[in-house]
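Notes to accompany the following structure.
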Amino acid sequence: ENLVLFFPDAGAAALARQEWKMDDLDEAEVPPNVRVKAFPRDRLDADDRAVFALCPRAPERDACEELVNTCEETLRPVALLNPYLVDMGTTGYGMAGRLFKERFVDALEPCYYLRTLEWGALARTYPRPYSVWRQCGLDEDVEGGYAFVKNYFSQPNDEMLEELFDEVYGTNTGGPMDEADGGGGNLFDGIGKFIDAFQKL
């Protein structure tokens, strides 16, 4: 029984095979039951039992949807890592793009989600709900630099986050972007602090 890693294209799959030395069983850096395949031509074999689709993009959306449907029909577990299946240039946001999003993308269950905001972050680790965090000011003594604000049991949209921002900071008061240092410090330092605090929950 094999674990299959689906790559966006044949070149990426070939590079992974080479980097992981998969053609040499003595030198291979992954177990022998790991297989690499690529969109859009490769298909599942009978002994493929679990699937990871790695960073599928909008050009692979039809093949990715077919793969997920096949896994559902054959009771194979499947996970998508960092999918980017809808964009203006490829799928557009017309009727076809909206139907695809409603039919496929919206039906996916995010297991791990992290999105930075100008004033904080939105995160989720399954099966916990989505949680919104605000970036603390320089005068606040909060471990990690982020403070919990609110949970959502479904992913909040931009409008909901804007309303929450108004509730937290008030429409006439400045948020963390008004700090003298232009937003509370280096962006990457802030993300790192947030992840550290989030993992301690």
The number of residues in region 121-150 that are at negative phi, touching a Cys at 6+ places or on another chain (Cβ under 9 Å) and either in a strand (DSSP E or B) or modelled with pLDDT under 90 (or both) is 5
Please find, within region 1-44, the residue that is most open to solvent (accessible area, probe 1.4 Å) out of those that are closer than 19 Å to Val78 by Cβ and of a type in the set (Gly, Ala, Ser). Ala12
Pull out all pairs, ordered by first then second residue, where Cβ-Cβ is under 6 Å, the residues are six or more apart or on different chains, the first lies in region 94-121 and is farther than 16 Å from Asn157 by Cβ, and the second is among the hydroxyl-bearing types (Ser, Thr, Tyr). Gly97/Thr91; Cys111/Tyr126; Tyr112/Thr125
May I ask you to list the residues in region 60-92 that are of a type in the set (Asp, Glu), in contact (Cβ under 8 Å) with a residue 24 or more places away in the chain and open to solvent by 20 Å² or more (accessible area, probe 1.4 Å)? Glu65, Asp87
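May I ask you to list the residues in region 44-59 that are in contact (Cβ under 8 Å) with a residue 24 or more places away in the chain and either part of a strand (DSSP E or B) or more than 23 Å from the chain's Cα centre (by Cα) (or both)? Break it down stepwise before answering.
Within region 44-59, the first condition is being in contact (Cβ under 8 Å) with a residue 24 or more places away in the chain, and the residues that meet it are 44-45, 47-59.
The answer is Leu44, Asp45, Asp47, Asp48, Arg49, Ala50, Val51, Phe52, Ala53, Leu54, Arg57.
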Are any of the residues in region 152-165 modelled with pLDDT under 90, of a type in the set (A, V, I, L, M, F, W, C), assigned to a loop (DSSP other than H, G, I, E, B) and on the phi < 0 side of the Ramachandran plot? no
Ala63 modelled with pLDDT of 90 or more and either in a helix (DSSP H, G or I) or in contact with a Lys or Arg (Cβ under 6 Å, 6 or more places away or on another chain) (or both): yes
Go through the residues of region 95-108 one by one and say whether even a single one is in contact with a strand residue (DSSP E or B) (Cβ under 9 Å, 6 or more places away or on another chain) and either open to solvent by 30 Å² or more (accessible area, probe 1.4 Å) or aliphatic (A, V, I, L, M) (or both). yes
Taking region 102-120, which residues are part of a loop (DSSP other than H, G, I, E, B) and in contact with a Lys or Arg (Cβ under 9 Å, 6 or more places away or on another chain)? Phe104, Pro110, Cys111, Leu117, Trp119
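The values are calculated or read from the model by the stated rules, or taken from the named source; none is laboratory data. Predicted model only: the values in this text are computed from it and were never measured. We place every Cβ from the backbone using ideal geometry, glycine too, and count neighbours over all the protein chains shown. SASA here: full protein model, heavy atoms, side chains in, ligands and nucleic acids out. Shrake-Rupley method; radii C 1.70, N 1.55, O 1.52, S 1.80 Å.
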